[in-house]
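Asker: Attaching a single structure in structure tokens format; questions to follow.
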Amino acid sequence: MSTAITKDDARKVVNAYLTKLQAGRSYELALMEDRTRDEDFGWVFFYNTKRFLESGDMQWALGGNAPLIVDRRTGELHVTGTAHPIEHYIEEFRRLQS
């Protein structure tokens, strides 16, 4: 029996993570829906402050907000990094899953 999750399930996992991440902060985090990537292993989600997404004003942009990978087989969330392009982290994730 498959335990695969849907994209909506993955989005809920990421939103729960963002809710915890923003706790006690003066800003609200939101997904950059138009940047979400569908991959064979799951999805890559990007996020920023809601205020930046609404205004485009760089003063409200986050720094260090690493993209998030959700594995479609397990529903596990994996935080990537910001030192390399996202393709590096995607390939690293694929390598670790094989």
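Asker: Just checking, which of Ile90, Ile5 is of a type in the set (Val, Ile, Thr), surrounded by 17 or more Cβ atoms within 10 Å (Cβ to Cβ) and in a helix (DSSP H, G or I)? If you could, list the steps in order and put the result at the bottom.
Answerer: Values: Ile5 fails: in a helix (DSSP H, G or I).
After applying the criteria, what remains is Ile90.
Asker: Still on this structure, please answer the following. Among the residues of the stretch 23-42, is any surrounded by 15 or more Cβ atoms within 10 Å (Cβ to Cβ), in a strand (DSSP E or B), under 14 Å from the mean Cα position of the chain (by Cα) and β-branched (Val, Ile, Thr)?
Answerer: No, the stretch 23-42 has no match at all.
Asker: While we're looking at this one, here's another question. With Asn15, Asn65 as the choices, which residue is without any contact (Cβ under 8 Å) to a residue 60 or more places away in the chain, within 10 Å of the chain's Cα centre (by Cα) and either in a loop (DSSP other than H, G, I, E, B) or loosely packed, with under 12 Cβ neighbours inside 10 Å (or both)? Full working, then the answer.
Answerer: Values: Asn15 fails: either in a loop (DSSP other than H, G, I, E, B) or loosely packed, with under 12 Cβ neighbours inside 10 Å (or both).
On inspection, the qualifying residue turns out to be Asn65.
Asker: Still on this structure, please answer the following. Scan the stretch 6-26 and tell me whether some residue there is of a type in the set (A, V, I, L, M), touching a Pro at 6+ places or on another chain (Cβ under 7 Å) and under 23 Å from Arg95 (Cβ atoms).
Answerer: We begin by selecting, within the stretch 6-26, every residue of a type in the set (A, V, I, L, M); these are 10, 13-14, 16, 18, 21, 23.
After this cut, where a residue has to be touching a Pro at 6+ places or on another chain (Cβ under 7 Å) as well, the list is none.
No, the stretch 6-26 has no match at all.
Read-outs: derived from the displayed coordinates by stated rules, not from any lab. Please read all numbers here as calculations on a predicted model, not as lab measurements. Cβ sites come from the backbone with ideal geometry, for glycine too, and all protein chains shown count toward neighbours.
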